[in-house]
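Heads up: the structure comes next, in structure tokens.
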């Protein structure tokens, strides 16, 4: 087999092989042009089946080259025919050439009104197709290199009224509304960006605000890339991966977190949590199984209950409930979590401590406290 491949390679690299092929191509332009057309159409169909297509500029370039080759090849073929056939063929070629020249102006119009740009949006590269008639709309497709792009619109940008290209005139819009789609074409997110401009009309700042509509799509349609969100915790349960991720920052030391789940080994993640919980940036998380998990915010549990610190979920992160602690101690405002919740003899335990005066009154010390829960972490009592 190796010898056979080497023979093929040597034959392929020989100058005589290329001269022979060039001679065949030169004498049969129409034949090879039709073969290339067929192969191009077949490849385009195969790519379409996997939601990929050629970029517009490449399609037009191939069309022009193959059309010119077809005309030359047709004339070459016609010159080999009888006198009458030559005349008919040459007239046909002339008519076809004029038709192509007239059609070329529509190609220019397509380029003018459907320009493509390679751009970045939300940290991801897209091919943006601009449609600027009465309204300026931009469709964002997945970018697969200089020749290829996706067939499904992933993001739609509404840049408002006017016939302009926002990539050539970036300071023109006052606001942009982005609509995000999943692979099935369902709306998964909407975001509006409002621009602040200086006295010269140049954009100097922007304000982004998102809006989700849970009634518009199903839970299985929530889709994010794993690298899009920073995570504070991750654990694998068989083929499932549960991840607690940061969805945004609130004020100075607060952030929103949500649970994401993967059922394909981490290739894709789905949002699980109905509503983000707001915790400190020091928050920690732990899941004991696929259903039961905890998020600890600051690690300080205030005994008067004015601030929630321990959140419990028993439905895999879909909802979180603040835990209740049935404990008071004179002169103590809060207790500190020393160890995240754990199971011991089928009972939930939470190790805490409080900084209180010693029993002999000689100073202060950290006093260990062991809390247990018998209702899946919703309420906690001091262990006897």
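The values are calculated or read from the model by the stated rules, or taken from the named source; none is laboratory data. Since the structure is predicted, the reported quantities are computational estimates derived from the model, not experimental observations. Virtual Cβ from ideal backbone geometry, glycine too; neighbours counted across all protein chains shown.
Quick rundown of the values:
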quantity: Checklist (1) in a helix (DSSP H, G or I); (2) at pLDDT below 90 applied to residue 46, failing item; calculated: (2)
quantity: Scan of the range 302-311 for residues that are in a strand (DSSP E or B) and surrounded by fewer than 17 Cβ atoms within 10 Å (Cβ to Cβ), ordered by number; calculated: 302
quantity: Elements of type strands (runs of 3 or more DSSP E) in the range 317-382, at least 3 residues being closer than 18 Å to residue 300 by Cβ and either in contact with a strand residue (DSSP E or B) (Cβ under 7 Å, 6 or more places away or on another chain) or touching a residue at least 60 places away in the same chain (Cβ under 8 Å) (or both); calculated: 324-326, 334-344, 347-357, 364-373
quantity: Set 317, 331, 299, 293: member being more than 18 Å from residue 380 (Cβ to Cβ) and buried (at least 18 other Cβ atoms within 10 Å of the Cβ); calculated: 317
quantity: Leading residue by the ranking (farthest from residue 30 (Cα to Cα)) among those in the range 52-62 that are surrounded by 14 or more Cβ atoms within 10 Å (Cβ to Cβ) and touching a residue at least 24 places away in the same chain (Cβ under 8 Å); calculated: 52
quantity: Test result for residue 57, in contact with a strand residue (DSSP E or B) (Cβ under 9 Å, 6 or more places away or on another chain) and at pLDDT below 85; calculated: yes
quantity: Total residues in the range 140-153, condition part of a loop (DSSP other than H, G, I, E, B) and closer than 14 Å to residue 177 by Cα; calculated: 0
